[in-house]
Amino acid sequence: MRRYNLFYFIGEALKSLKRNGVMTFASIAVLLSCLLVISGFSLLVLNIDVNLEKLGTLNEIVVFCQPDATEEEIDAVEAAIHKLDNVDTVTHSTKAEQLKQLKEEDPDLYGDITAEENPLSDSFAIKYKDNDKVSTLDYELKQIEGVRKVRNSLDLSNKIEGIKQSIMIVFFWFLAILFVVSIFIIINTIKIAVLNRKKEISIMRYIGATAWFIILPFIFEGIIMGTVAGLASFFIVKFGYSAIVNGAGEDLAMLSFVGFSDISTYVLLGVLAIGILTGVIGSSISLSKYLKD
Amino acid sequence: MIEFRNVKKSYPNGTVALKGVNLHIDDGEFVFIVGHSGAGKSTLMKLLLCEEKATSGNIIVGQYNLTTTPNRRIPHYRRQLGVVFQDFRLLPNMTVYENVAFAMRVVGTPSKMIKRRVPAILNTVNLSDKHSAFPHELSGGEQQRVALARALANNPSVIIADEPTGNIDPQMSLEIMNLLVKINKLGKTVIVVTHEQSLVDYYKQRVIRIQDGLVIDDYVGGMFNETV
Ligand SMILES: Nc1ncnc2c1ncn2[C@@H]1O[C@H](COP(=O)(O)OP(=O)(O)OP(=O)(O)O)[C@@H](O)[C@H]1O
Ligand SMILES: [Mg+2]
């Protein structure tokens, strides 16, 4: 394709988009909402993941020894833990350390407790390797002599995983519907554009214009609509996200949010790619008749 | 060179428009095609333009055999034809200049070349002073001259005109025919479908008469014949 043709194609596409103002606006609006939903959900899921990782305790099992266990007994428990298959790292926390921490946190309540009275137990925080074999590990840990209690957060982590999956399913269907609507509207916009230029197209054919030459302005219409929707959704997400994070930052201080600057490139590329792809697919479908010859 | 060898054409609805046409037109000839309404003249033109495919037989134009030319080659084939229709088919939102330039842009002519060539072509059809007028501001004859200019834009070797004077006044018709003859003198093959007996008689060129889908007469020198 020669360079001066590119300007011609874009120029023709812009003219036609202007002529079909209402349809163009509708296509861009629907595509834009589609992209906003995608970005919104993606950011939501991303932030859920980040916060879960930060909580960290979700893939951790804690083993408590007897309160009156001797040092030998505690060492034996630790050795037994290390022998198990699925164990990655083990962090020992003595009951003295735990008491010290409690005293720091709330001197009024815990200040008087002496080392002899200490009701706490030594514990081992275990990170495991394989998520799927946690229940086996849990069982094995309970079998170790001198273990009083095993605490895992399997239930919670399963619940959160479940919620995440439901969100994903809703997200997926919502998205699929929006996409179908977007493509449908784009197909119609391009069809109207083709109808508007029917006479021009028939003359172009007589003169000897190639099929591609006739079609490309319409494909460019799709590309332009996709680009506009992509850029618009990028800026809306950028400002909307910052506003939400700033607003929520005060109420939900314990949550951490992904900074927009860390992901802005991905968001931009993502919305542009999806927007342009949808535009091209939509216009190609409505032009398939012309593409054949 | 244009050659029809036993060309038959039936339309999907069953109408048999051409029943075995044989024709030979040399480069640089001027040919009138005449015949009753419904005889198959426009069908002949449509086959030449590859707007329709022949049902059987062969059509050869220059190095192209139209029966075997793949669809993707057709645009390139059409570039050696210039077409003029009865209803002009100009683009209403473009000026005279733009209508002609459009034809050149469509086949990828560089802008520089377009700027040089369009005025020259408008001069050939005596429309230099109307270059920035829109089609609705022109008379039928002037519009047809724009169409002729557009047909000439890409320097085709063959000009095909299907009833070019069908929608315009007699004096204007004469001017269009004169232009077609002038274009023929410049070395282009010109094929004109017409109902205008007086013009055919006047120009004394080769006349091919079609009737019921067959060539029934092919002679030189006017005399339209009383049957029309
Ligand atoms: N697209 C079509 N589908 C079906 N039949 C057609 C079609 N085009 C033309 N015909 C038929 O084919 C026959 C020849 O038509 P054609 O248009 O070639 O005639 P013509 O000689 O150009 O007539 P006119 O002088 O009225 O323009 C006619 O019977 C016509 O009805
Ligand atoms: Mg006809």
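For this structure, a couple of remarks:
- The requirement of being open to solvent by less than 20 Å² (accessible area, probe 1.4 Å) and aliphatic (A, V, I, L, M) is satisfied by A:Val237.
- Test: residue in segment B:188-195 that is within 16 Å of ligand 2 (Cβ to nearest atom) and in a loop (DSSP other than H, G, I, E, B): yes
Yes/no matrix, rows are residues, columns are (1) within 16 Å of ligand 2 (Cβ to nearest atom); (2) in contact with a Cys (Cβ under 9 Å, 6 or more places away or on another chain):
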| residue | (1), (2) |
| --- | --- |
| B:Leu48 | yes, no |
| B:Gln63 | no, no |
| B:Arg72 | no, no |
| B:Tyr77 | no, yes |
| B:Leu90 | no, no |
| B:Val96 | no, no |
| B:Asn126 | no, no |
| B:Glu137 | no, no |
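- Residues located in segment A:11-51, provided they are of a type outside the set (S, T, N, Q), within 14 Å of chain B (Cβ to nearest Cβ) and touching a residue at least 60 places away in the same chain (Cβ under 8 Å): A:Glu12, A:Arg19
- Applying the criterion of being under 28 Å from B:Gly57 (Cβ atoms) and hydroxyl-bearing (Ser, Thr, Tyr) to the residues of segment B:68-124, the residue that is farthest from the other protein chains (Cβ to nearest Cβ) is B:Thr68.
- In segment B:143-167, residue surrounded by the fewest Cβ atoms within 10 Å (Cβ to Cβ) [restricted to those that are within 16 Å of ligand 1 (Cβ to nearest atom) and of a type in the set (A, V, I, L, M)]: B:Ile160
- The one condition in (1) modelled with pLDDT under 95; (2) over 22 Å from A:Phe213 (Cβ atoms) that B:Met45 fails to fulfil: (1)
Matching residues to (1) more than 17 Å from A:Leu14 (Cα to Cα); (2) touching a residue at least 12 places away in the same chain (Cβ under 8 Å); (3) more than 14 Å from chain B (Cβ to nearest Cβ):
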| site | (1), (2), (3) |
| --- | --- |
| A:Leu195 | no, no, yes |
| A:Glu200 | no, no, no |
| A:Arg205 | yes, no, no |
| A:Ala209 | yes, no, no |
| A:Leu216 | no, yes, no |
| A:Glu221 | no, yes, yes |
| A:Ile224 | no, yes, yes |
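- Complete set of residues in segment B:134-183 that are more than 13 Å from chain A (Cβ to nearest Cβ), within 15 Å of the chain's Cα centre (by Cα) and among the β-branched types (Val, Ile, Thr): B:Thr165, B:Ile176, B:Val181, B:Ile183
- Per the listing A:Ala253, A:Ala248, the residue uniquely at pLDDT below 80 and assigned to a loop (DSSP other than H, G, I, E, B) is A:Ala253.
- Elements of type strands (runs of 3 or more DSSP E) in segment B:1-108, at least 1 residues being crowded, with 18+ Cβ neighbours inside 10 Å and within 13 Å of ligand 1 (Cβ to nearest atom): B:2-10, B:16-25, B:30-35, B:81-85
The values are calculated or read from the model by the stated rules, or taken from the named source; none is laboratory data. For clarity, every value in this text was computed on a predicted model and none was experimentally measured. Using ideal geometry, Cβ is built from the backbone for each residue, glycine included, and neighbour counts are taken over all protein chains shown. Accessible surface is based on the protein model in full, side chains and every heavy atom, while ligands, DNA and RNA are left aside. Shrake-Rupley method; radii C 1.70, N 1.55, O 1.52, S 1.80 Å.
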